[in-house]
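This report concerns only the one structure given below.
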Number of protein chains: 2
Amino acid sequence: MRIKKVYLDNAATTQCDKRVVDAMVPFFTDTYAVASSDFSHSPGIEAREPLENGRAVIADKLGAKPEELIFVSGGTEANNLAIKGIARAHRKKGDHIITSSVEHRSVKDTTVALEKEGFSVTWLPVSKEGFIVMSDLEKAITKDTILVSIQHANQETGTMQDIEAIGALCRKKSLFFHTDAVLTFGRVPIDVRKSNIDLLSVTAHKIHGPKGIGALFIRDGIKIEKTMHGGFNEFNKRAGTENIPGIVGFAKAIELIESDETQVIKELKCRLRDGIMKRLEVVQLNGSLEKSISTILNLTFRYVEGESVILHLDMKGIAVITGSACFSRSLEPSFVLKAMDISHEEAHGSIRFSFSRFNTEEEIDYTIDAVCNIVKKLREISPIAPDK
Amino acid sequence: MRIKKVYLDNAATTQCDKRVVDAMVPFFTDTYAVASSDFSHSPGIEAREPLENGRAVIADKLGAKPEELIFVSGGTEANNLAIKGIARAHRKKGDHIITSSVEHRSVKDTTVALEKEGFSVTWLPVSKEGFIVMSDLEKAITKDTILVSIQHANQETGTMQDIEAIGALCRKKSLFFHTDAVLTFGRVPIDVRKSNIDLLSVTAHKIHGPKGIGALFIRDGIKIEKTMHGGFNEFNKRAGTENIPGIVGFAKAIELIESDETQVIKELKCRLRDGIMKRLEVVQLNGSLEKSISTILNLTFRYVEGESVILHLDMKGIAVITGSACFSRSLEPSFVLKAMDISHEEAHGSIRFSFSRFNTEEEIDYTIDAVCNIVKKLREISPIAPDK
């Protein structure tokens, strides 16, 4: 088998599709006007069409109205704007925010920043599989609570929260509900009306769209305070020159997701998981077996260091990461696994595999072999492996 | 003469160069990793090279060190981060900010937002040509002043402030000095050390780079508070996945600026200005004749409505705008011209021409003819023209 490079890391899921690039290219050099200049001004008017088309495509996928969707620079900005925007605009109503202890850092760090502004934050614990407990959420609600921000799927384990139940509870208690759907958008059906979602973050580069473009759904009539000031763009909710090529690429990426693609990716994930677990002992699945996004698999290989496995896989041309990419520059164990009550030792032996449209069965089989061989060899020299 | 379309508006200056697009394309689909994941992980390491190369190219152009430059989503974010970042981080030192009354909306609206957070702001007046007066600035400084934010060149008139004098004064008074150099970067030599600049905003799309990418220079050792939270990217000053294709395009755009290009553009501007002024009476130059950026020309045609002129030029295939693009959706007269003590009537008759690498002498001559004919005809039917 001749496999040059296998991407089972963030690079896999964030590779831009060639068809997306082809769709974007003309908008760099031809229809390049600033969309906001639309008074008696042809290039500006021409630029509005791809902008509004992109907005309609993405809103439609969420069951939202186009005017409920604003473009931002990515998922991080969407999460910052949603949480700070609601907190600061509705502070008179209350100053308490509820979130989980396994959110992406752009939610986690934003809530920490708001704590310094005087807000109080509850970080809900999660179960061993990574789920929040609905009764915990209910108990955490006080008369000062204004916002609940719970992610749709987790960035390290893939565990998917029951956003419909959370949305229903928030609606009943008249709280704003934000969900970070960066990992599920385009992969799992989302209906913002059915799930009573008030704000929802998405990004293009997780579905083979370009980096530098994301969007935030803000339900009709909900007031948020801007985090980016400077003019009236995006319904006066986000200033800055519109990134028309990025928006065109985002819409194209959504259009390219075929109805059975997610099922195919899920089968690759199961193939890797089952293939490894059949051949290796003491491998532990981190996260939920059933309620998990198709693109993420997190395994702990007991008695070995995740970093060693990664280094050896890298030499075999296989790219994977430990924990979430944003965190990988640090050697601290993942705060997500820690919140799931997984020990330091187990967390250090964990590896995250990401799957994408571009992976093949052949790559998966090559990876199963590589992982099993490497882990076996590392266990042979491990001072803590029980077989020694 | 067969001219299909003449861009003398924002579209002109913001058109992406085809060579920039060519440089970016491989980074969408090939070296597409998340640059931050650089532990034992080849794709992440590959992505760091274009990131750090781009940083070095842009920093070098400013006389800055690479680690003093962080990438953001554009000029608007750079201005927001610079001003809010300094104000919020140094509030204990003082709560007073000085800026001018002709700044880009991303500075203006940001200072207004900070006023609501309890900061006090002085908006310095400008002269008839659009200059701040150094003695006004000096008088405005109080013991509570922490930051001076004055643009390098104005977005509507092109008038260039004396940033060296401002920088020297700020240094003497131990104040932070931020300048919005979005229009001058790559067009006018800038040396952040010589000019004592502490923070400086730039963007790619004003020099034929892509939209959605900009940068902020932050002098070594200066503390700012983040406006985008979520991880340690960009020296822990700006969270979010790095937009590698955008950064590659930004660096390419800088490399493409040839040493004599700005002179060529300046000659086109003078050709249009002199051509029109020779043939038309009562045309007024808004801004400075001498100290003005080569890419912008603002003229008032008395006794006519700017919007009418634009509509007629549009029918002849010539794209121009009134005032600044970000403001053109409103019919209010430009706040910049108002601050320059130009009457409502004169402001309504004003047109902004932008010049770029892609304009030709032929286009300029075609535009001179068109402008002169249109203004003459409109004046014939104007109820306020004195000749009637």
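Which one, B:Thr227, A:Ser382, B:Asn286, projects farthest toward the positive side of the charge dipole computed for the protein assembly as shown from Cβ point charges (K/R +1, D/E -1)?
B:Thr227
Going toward the positive end of the dipole of the range A:18-256, with +1 on Lys and Arg Cβ and -1 on Asp and Glu Cβ, which of A:Ile98, A:Gly212, A:Asn243 do you reach last?
A:Ile98
Let me check against my output: what whole-number percent is the relative contact order of the range A:120-258, with C-alpha pairs under 8 Å and at least 6 apart?
After rounding, I find 16 percent.
Modelled label-to-label distance, B:Lys92 and A:Gln263, 7 Å Cα→beta-carbon offset: nm?
Roughly 6.1 nm, to one decimal.
At 7 Å along Cα-to-Cβ for each site, give me the label-to-label distance between B:Asn236 and A:Arg193 in nm.
4.7
Rounded to the nearest 5, what % of the DSSP beta bridges within the protein assembly as shown are antiparallel ones?
Beta bridges within the protein assembly as shown, antiparallel portion: roughly 55 percent.
Rounding to the nearest 20 debye, state how big the charge dipole of the protein assembly as shown is about its Cα centre with +1 on each Lys and Arg Cβ and -1 on each Asp and Glu Cβ.
Charge dipole of the protein assembly as shown: 1080 debye, to the nearest 20.
In peptide A:65-74, what is the residue-averaged number of other protein chain Cβ atoms found within 10 Å of each Cβ?
Averaged over the peptide's residues, the number is 2.
Please list the non-local residues whose amide H lies under 5 Å from the amide H of B:Ser149, H modeled 1.01 Å from N, same-chain partners needing a gap of 5 or more.
B:Ile98, B:Thr99, B:His178
How many times 2.2 N^0.38 Å is the alpha carbon radius of gyration of chain B?
This ratio for chain B stands at 1.03.
Where the label is 7 Å out from Cα toward Cβ, how close does A:Asp274 come to the same position in every other copy, in nm, shortest first?
8.0
What is the average number of partner chain Cβ atoms found within 10 Å of a Cβ in A:207-219?
Mean number of neighbouring Cβ atoms from other chains: 4.
Treating the point 7 Å from Cα along Cα-beta-carbon as the label, what are the nm separations from B:Asp144 to the other copies, to one decimal?
Output for B:Asp144: 2.8 nm, nearest copy listed first.
Okay, helix-only estimate at 222 nm for chain B: each DSSP H run of n ≥ 4 adds -39500 (n - 2.57), divide by all residues, round to 500 deg cm²/dmol; what do you get?
When only DSSP H runs of four or more count, the value is -12500 deg cm²/dmol.
All other residues with a Cβ under 12 Å from the Cβ of A:Ile265 taken together, and with Lys, Arg as +1 and Asp, Glu as -1, what is their net charge?
0
To the nearest µm²/s, what D does Stokes-Einstein give for the protein assembly as shown at 37 °C and 0.692 mPa s, using the Kirkwood radius over alpha carbon pairs as Rh?
After rounding, the answer is 120 µm²/s.
Please identify the trypsin sites (Lys or Arg not before Pro) of the range A:159-194 that satisfy two criteria: DSSP loop assignment and at most 16 other Cβ atoms within 10 Å. Which are they?
A:Lys173, A:Arg193, A:Lys194
Give me B:Phe335, A:Phe217, B:Phe358, A:Phe27 sorted ascending by neighbouring Cβ count inside 10 Å, so fewest comes first.
Ranking B:Phe335, A:Phe217, B:Phe358, A:Phe27 by Cβ neighbours within 10 Å, fewest first, gives B:Phe358, B:Phe335, A:Phe27, A:Phe217.
For the range B:36-175, with the dipole built from +1 on Lys and Arg beta-carbon atoms and -1 on Asp and Glu ones, taken about the Cα centre, which of B:Gln155, B:Leu124, B:Ala82 lies farthest toward the positive end?
Going by the charge dipole, the pick is B:Leu124.
If the only charges are +1 at each Lys and Arg Cβ and -1 at each Asp and Glu Cβ, what is the size of the charge dipole of chain B around the Cα centre, to the nearest 20 debye?
The dipole of chain B has a size of about 540 debye.
Bear in mind that the values in this text are calculations on the coordinates, not laboratory data. Keep in mind the model is a prediction, meaning the values are calculated, not measured. So basically every Cβ, Gly included, is an ideal-geometry build from the backbone, and we count neighbours across all protein chains shown.
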